[in-house]
Structure formats: structure tokens, C-alpha cells
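Enquirer: My questions will all concern the structure given below.
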Amino acid sequence: SRITDNLADTPIDRPYRVPDSDAIPMVYDLIRREGLSVGGSSGVNVAGAVRMARDLGPGHTIVTLLCDSAMRYRARLFNRAYLADKGLELPEWLNLD
């Protein structure tokens, strides 16, 4: 939804728009399957990288950054009411009740 100053005049070859409905489940997958406690921006980056990998097909190397921590966003990422308000859910394996 925005371009940060550090990327303002950078040519972007293949932009991807990644909605929260893709990014947040990716965050939970990275926590559970990879043991990586990452935040929403990292979820966006990985979801975009996965989409790019599918688009490009086999034989390519894709690099992305894991740029934030889930702890920075814990009041949102692990808050059932907040997520429900956004149309998102906590995964069943993450039972905080």
C-alpha cells in the first residue's frame, strides 16, 4: 500500500500485492513449521516470494528478507478479537485460551 523512502526510485521488475489474508497465515506457518518468530512484513515478503516461485517455476533462486519479529506485533498477531475484526483467525494449533 506504500513505497518506503529507501525504495522510492528503485525499479521494481515484478511487484506483488500481498493481502493480510495471505501474509498472516504465512507468519503462523513460519512460526510452526520453521521455528521463525517473524512479523507481518516478513509474512508479506515470504508470501510474495512463494508466489514468485510459483510464477517462475523450477530452476530459479529467490531471496527475501525476514525483517521483523512477531514480538513487535504480538498485541495484534496473537489477539483473537483483533484478528476476528480483520476477518482473520488464529490457527487452531495456537490455543491461547
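Enquirer: So how do Asp68, Asp13 rank on accessible area, 1.4 Å probe, biggest first, that is with the largest at the start?
Expert: Numbers: Asp68 20, Asp13 150 Å².
Per-residue accessible area, sorted high to low, gives Asp13, Asp68.
Enquirer: Just the number, please: carbon plus sulfur as a percent of the accessible area of the chain, 1.4 Å probe, no ligands or DNA/RNA counted.
Expert: Details: 3540 of 7270 Å².
Carbon plus sulfur share of accessible area: 49 percent.
Enquirer: Sticking with this one: Picking from Gly59, Gly35, Gly87, which is most flexible by a Gaussian network model of the chain using Cα springs under 10 Å?
Expert: Between Gly59, Gly35, Gly87, it is Gly59 that shows the largest mean-square fluctuation.
Enquirer: Can you give me the angle between helix 20-29 and the longest principal axis of the chain, using Cα atoms only, in degrees from 0 to 90, rounded to the nearest 10?
Expert: 70 degrees
Enquirer: Let me ask another. What is the Rg over Rh value, at two decimals, for the chain, using alpha-carbon atoms and the Kirkwood definition of Rh?
Expert: Working: Rg = 14.6 Å, Rh = 14.6 Å.
Taking Rh as the inverse mean 1/r over Cα pairs, Rg/Rh reads 1.00.
The values are calculated or read from the model by the stated rules, or taken from the named source; none is laboratory data. All values reported here derive from a predicted model rather than from experimental measurement. Calculation scope for accessible area: heavy atoms of the full protein, side chains included, ligands and nucleic acids excluded. Shrake-Rupley method; radii C 1.70, N 1.55, O 1.52, S 1.80 Å.
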